[in-house]
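Laboratory data are not the source of any read-out in this text; all were calculated from the coordinates shown. These numbers come from a predicted model, not from an experiment. Please note: Cβ atoms are built from the backbone with ideal geometry, for glycine as well, and neighbour counts cover all protein chains shown.
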């Protein structure tokens, strides 16, 4: 069952522009949402997270927005840099009741062109 | 920066054989996880482990699988009687606190069952 969906398998953005990666979820019990970045032959690297009690969290060039009513979150990267080219995974957690297991989306491959 | 170490990076095994995937979590971390990613699919939760016992496991984690923390540093995933469909990238992860969802992943072990 696909509880976390990333409907865009790929995205191409010019350097300096904004990258917006989207994610939808179906389980209203999720209480924490995360974004991970993954390069080939490496494990996922934690980027940024947001609790379900917030609607925005910012860390440098990365901002995550959460719209609980729409069950939607997005990751904004501004300005985008070529080094941001990677696969981005959205993940959600149901907290202690699920052993803090993460439910991942299938990922969006971001390409930032010079 | 502390990292989660996984060995081997690539394991080839014959169908029906047992394999043990090894992980050394970050030393002060208390929570441990195994995930896997079949080629072209999403990262899937297998099991979480805390205080020397399994705290949560997914439907994938059936009797074929087991985890162990045999000493103070290693965390292992054993797959008995491997099947072709067990071929995947297996990621170990660890976290310091239960409230810290941004856990650190290792680089993974690519398991190929032939």
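Mean projected area of the convex hull spanned by the Cα atoms of chain A, taken over all viewing directions: 7.0 nm². Computed over the range B:7-113, the alpha-carbon pair-distance distribution with 10 angstrom bins reads 15, 52, 29, 4, each value a whole percent. Rounded to the nearest 0.05, the FRET efficiency derived from the C-beta distance between residue B:18 and residue A:29 at R0 = 35 Å is 0.45.
Please list log₁₀ I(q)/I(0) at q = 0.18 Å⁻¹ for the range A:13-63, using the Debye equation with identical point scatterers on the alpha-carbon positions. Treating every Cα as an identical point scatterer, log10 I(q)/I(0) equals -0.77. Mark the label point 7 Å from the Cα of residue A:52 along Cα→Cβ and return the residues of the range A:1-39 whose backbone N is within less than 14 Å of it. The answer is A:4, A:25-34.
For the pair residue A:78 and residue A:12, the difference between a 0.36 nm per residue extended length and the Cα-Cα distance amounts to 22.4 nm. For the protein assembly as shown, the calculated P(r) over all alpha carbon pairs, in 10 Å bins from 0 to the bin holding the longest distance, is 8, 33, 36, 19, 4, 0 percent.
Annotation for the range B:6-24 versus the range A:21-46: alpha-carbon center distance of 26 Å.
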